[in-house]
Each structure stands twice: as C-alpha cells, then as structure tokens.
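Nothing in this text is a laboratory measurement; each read-out follows from the coordinates by a stated rule. Please read these numbers as outputs of a predicted model, since none were measured by experiment. Cβ sites come from the backbone with ideal geometry, for glycine too, and all protein chains shown count toward neighbours.
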Amino acid sequence: MGVSENIIKPQALRPGDTIGVVAPAAAVERAHLERGVAALSAMGYRVKISPHALDRSGILAGEDVVRAAELTAFFADPEVKAIFAARGGYGSGRLLPLFDFAALARTPKIFLGFSDETYLLNALVAQARMVAFHGPMVAMDFSHGVSAPARDHLLRLLAGETRELTLEAPTALRPGSARGPLLGGCLSVVVAMIGTPWEPLFDGAILFLEDTGEKAYRIDRMLTQLGQAGILRRVAGIVFGAIRPVEGSAREGALIRDFIGEATAQLDCPVLSGIEAGHGTANFALPLGLPAQLDATARCLVFTEAAVTT
C-alpha cells in the first residue's frame, strides 16, 4: 500500500485554537521559547507549553520517556488542536520506540517541525499514516522571526485555505515529471532512518532533502549511501532545498553542488533543486505524506489538495 493511500489529514487550525508546544529533541533556552510563544500569541492562537519543555538532561530537553510522554499527551489532549516543536538539534530519534503510532492515529493532529524532527515527521507518515508538516519551530524560527510570506503560507496551509500550492525550484538537474507523496527532510536524519523499523516509505515518493553545517564529503557520503541502498532509484522524483556548507564556505558549497550533480546524473526521475524549505531558507512549510507533482519543465513542486480537513 502506498503511503498516500488512506492518508489521514488532521483537523485545520484556526485563530483562537490552542497550539501545544513540546520539546522532543535538544534542550530549549527559556528566552527563545518565550519569544516564540509570544509570536504565536500575536497571531491569534492560544499556546499551551508542555510541563517539561524546559527540562534538561545533558544536551537533551529532559529524559527520553518524559519527552515521548509529553508528545503523546498532547495528541490525546482535546484542548490542543496542533502541536509545534520547540526546536531541533538532536534527540527525536531516541523517542521512536516509545510511541504507540496506532494510538496517535486515533487522534490525528497537525505536527509541525523540521531538522531533527525529520525522525518524527516521517514516522508519523509511515506508521500513523498521517500528514505531518515540515516547517518553522517555536524557539528557533518563530523566536527569531519568520518572514511574512512564509508565515502567511504556513497559516493558510494549516487552516486549509490552500487547495493548490506551488513552490518554485529554480534549478532542474534531471528532466521529467512525477507524482507521489512527499517524504524526507534533513538529509542526515533520512539516512539515519534507513534500515530501522521507522524507515520512510520511499517507493514511488517525491523525496525532499536539505541539510546544514555538513562538510561536502559528508554530503557525498550520505548521497552515496542513498544511491547504493537503491533508494534514489525507488523514488519517483527528488527535490533539494538548501544544503548549507560548514561556516558558509564557498568552496565547500561548490563541492556540495558537484556531489549532488554526480549522485543524480544517471537517474531516470526528475530532480530539482533550490526550493525555499529547510535550514537557511525562508522555510516554507511542506505537508509530508500529501501527494505532490514534481515538474522539471515548469521547475516547481505542486500540491493540488488541502493538507487538512475543514
């Protein structure tokens, strides 16, 4: 069964609804969280912060079992209409064995995050058959300011006001067009999920990849693994967001572009690059699990149905 078959769409988010904020990954700075919550409040939402969001256990936002329990509790909480991650960093992958995804699917909700939350986003799609949202986080993006176009895009998407959504990808690396459910996110996390029980359902999917702060040889190593594992030939198409080099090095950036070109040169599927999603971009939100059309001629990624139910 393909991932987009019987995909569950969560309920739309409206002004006045309550957003639950959780910290599934790295430890969160209080000031950043407070600024992000204030930004959400200014948009007209109520905000409910999980009780242990500011806990610390080493580099993590508290113990694994507590972080998993708080996310599970917000899915079950009828007051909470959507769940936004506080930040990424590291730690979400440690939680995957602690979730009952069948139970989460019984109370589907918007879950929004990116970076390290790539673990949770793809697991919700694959295991709970639920659309999940790759996009801004509270104590990172909202704390430091989301651009007006990206903010408006997000609010329309989560409210169900966007039935057709087009995002430009200015560089076509391979020709063609393809349709399939969108999966992926942070490249290093996608690669880390391979071979686990929570591996994304790559077959026939549009694979989105982005990353930040990785040396060029590491990007090549990860793309090589995706190629040697056969995954790049199992997907229907590939679209890259920004893959930002270490310290913004121009030389490293050029090497990364070369490695991406080499990794995709012999593929038969369309490959586009430059979409404004992920680290170091405007970070337009993407609905993972939702069918998408990738068109190398028009150089765009297109969704033709709402990502939520209204």
**Request:** Express in % the proportion of alpha carbon pairs of the chain at distances exceeding 33 Å.
**Result:** 17
**Asked** Between the DSSP loop rule and a limit of at most 14 other Cβ atoms within 10 Å, which trypsin sites (Lys or Arg not before Pro) in the stretch 151-187 are left?
**Response** R163
**Prompt:** What is the local net charge at E214, summed over the other residues whose Cβ is closer than 13 Å to its Cβ (Lys, Arg +1; Asp, Glu -1)?
**Reply:** -1
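Using only DSSP helix segments of four residues or longer, with each worth -39500 (n - 2.57), what per-residue ellipticity at 222 nm results for the chain after dividing by its residue count and rounding to 500?
Computed ellipticity for the chain at 222 nm equals -9000 deg cm²/dmol.
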**Partners for K215 among aspartates and glutamates (Cα-Cα distance below 16 Å; same-chain residues under 8 apart left out)** = E247, E252, D258
**Fill in**
Looks like the stretch 165-303, by Cα gyration tensor root eigenvalues a ≥ b ≥ c and the a/c under 1.5 rounded cutoff (else prolate when a/b is bigger than b/c, oblate otherwise), is rounded
**Request:** May I ask you to compute the full-extension gain from A42 to D100, defined as 0.36 nm times their residue separation minus their alpha-carbon distance, rounded to one decimal in nm?
**Result:** 17.5 nm
**Item:** Residue exposure sequence - C300, C186 - by fewest surrounding Cβ within 10 Å
**Value:** C300, C186
**Under 5 Å, built H, 5+ apart or other chain: amide partners of I49** = V21
**Asked** By a straight-distance test (C-alpha under 21 Å), which lysines pair with K109 as possible cross-link partners, with residues fewer than eight away in the same chain excluded?
**Response** K9, K48, K81
**Complete:** Note on the stretch 1-139: alpha-carbon gyration tensor, axes a ≥ b ≥ c; rule is a/c under 1.5 for rounded, else prolate if a/b larger than b/c, else oblate; result oblate
**Request:** Can you grab the distance from the C-alpha centre of the stretch 70-89 to the C-alpha centre of the stretch 275-305, Å, no decimals?
**Result:** 24
**Message:** Using alpha carbons only, how many angstrom separate the centre of the stretch 130-190 from the centre of the stretch 207-232?
**Reply:** 20
**Prompt:** Under the classification rounded if a/c is under 1.5, otherwise prolate if a/b is larger than b/c and oblate if not, where does the stretch 251-310 fall, given a ≥ b ≥ c as square roots of the Cα gyration tensor eigenvalues?
**Reply:** oblate
**Item:** Beta bridge orientation in the stretch 188-310: antiparallel %, DSSP, nearest 5
**Value:** 25
**Request:** Over the chain, calculate the relative contact order: mean separation of alpha carbon pairs under 8 Å at least 6 apart, over the residue count, as a percent.
**Result:** 23
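Given R₀ = 25 Å, what would the calculated FRET efficiency be for R156 paired with T107, taking r from the Cβ atoms and rounding to 0.05? Before the final figure, lay out the partial values.
Working: r = 24 Å, r/R0 = 0.96.
Efficiency at R0 = 25 Å is approximately 0.55.
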**Fill in**
Karplus ³J(HN,Hα) for the stretch 245-250 (6.51 cos²θ - 1.76 cosθ + 1.60, θ = phi - 60°; Hz, whole; x = Gly/Pro) runs x, 4, 6, x, 4, 5
**Asked** Taking the stretch 128-182, which GluC sites (Glu not before Pro) meet the DSSP loop condition and have no more than 10 other C-beta atoms within 10 Å?
**Response** E164
